[in-house]
C-alpha cells in the first residue's frame, strides 16, 4: 500500500456552459474500482437525457490503476483531459464524471478538451483536498491511573482514539503512521513508566490537511 497520497475529503459538483452545451462535473472520493463504477452508474442513471457521461479515475492499488472514457465524444477529447486534471492536482482514489448536455453547436476537438478540463477544474476548486497516510491500528492496554496521560499524549500527537473499552484495564485503539510505530511505542512506554501492553492491528489510512 502507498505510504501517502493526496485525495479529496468530500464530493463536489460544478457546472460550466459554453455555446449552449452544459457540462456538469462531479468529483468524489472512491476507495476502489467497484466504488468508482457504482458512482458512475448512479450519476448516469440520474441524468438519462444527457448526451455523454465521460469520466476518469485514479486508484491507489497494487499496482496503481487509472481508467478514463470519452463515452462517445471524439477520441481523446474528454476522458483523457479529465485524467490529466487528476494528475495535475496529484489526486488519487478520486473519480471525476462530467455529464454533457449538447447545445446544438459543435465545439471542435480543442473546444471539447478545454470545456471538459474547465468543468473538472471548477469541481476540484469546490472540494477540499486532504492527505492520506498509511497507518497501523494499535491497541494499548493500561491501568486506569495512566489513562489521562495517554489521552493527553495522543492529543499532542494528533492521533485519533478509534475505540475505548473499559474492563479490569482500559484498552484504547489508535492509529499510528507505519513509519512511526516503533518510536511511538517507545515514547508511550516511557511516559507510562512501562505500564502498557500493545497489540498491532490492521493497516488503515489517517486523514490530515495536505502538506504545504
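Bear in mind that the values in this text are calculations on the coordinates, not laboratory data. Here the structure is a predicted model, which means the values were calculated and not measured. Note that we place each Cβ from the backbone using ideal geometry, even for glycine, and neighbour counts take in every protein chain shown.
Across the stretch 4-127, the mean sequence separation of Cα contacts (distance under 8 Å, 6 or more residues apart), normalised by length, yields a relative contact order of 38 percent.
Can you tell me the 0 to 90 degree angle between the C-alpha axis of helix 147-156 and the longest principal axis of the chain, rounded to 10? Orientation of helix 147-156: about 40 degrees from the principal axis.
As an exercise, use a Förster radius of 41 Å and the Cβ-Cβ distance of residue 203 and residue 46 to find the FRET efficiency, rounded to the nearest 0.05. Walk me through the numbers on the way to the answer.
Numbers: r = 34 Å, r/R0 = 0.84.
About 0.75, to the nearest 0.05.
Largest GNM mean-square fluctuation across 90, 158, 185, computed for the chain with C-alpha springs under 10 Å, falls on 158. Calculated mean residue ellipticity, 222 nm, the chain: -9500 deg cm²/dmol, from DSSP H runs (n ≥ 4) at -39500 (n - 2.57) each, averaged per residue and rounded to 500. Judged by the gyration tensor of its Cα atoms, with axes a ≥ b ≥ c, the stretch 4-127 is prolate; a/c meets the 1.5 cut and a/b is the larger of a/b and b/c. Considering only 23, 68, 153, the mean-square fluctuation computed in a Gaussian network model of the chain, springs between alpha carbons under 10 angstrom, is largest for 153. Across the stretch 132-208, the relative contact order, built from alpha-carbon pairs under 8 Å that are at least six residues apart, equals 52 percent. Cβ crowding within 10 Å, taken as a proxy for footprinting-reagent exposure, orders 73, 203, 190, 61 from fewest neighbours to most as 190, 203, 61, 73. Seen through its C-alpha gyration tensor, with square-root eigenvalues sorted a ≥ b ≥ c, the chain comes out prolate because a/c lies at 1.5 or above while a/b is bigger than b/c. Projected label points at residue 6 and residue 185, each 7 Å from Cα along the beta carbon direction, are separated by 3.4 nanometres. The stretch 52-66 and the stretch 124-184 have Cα centres spaced 31 Å apart.
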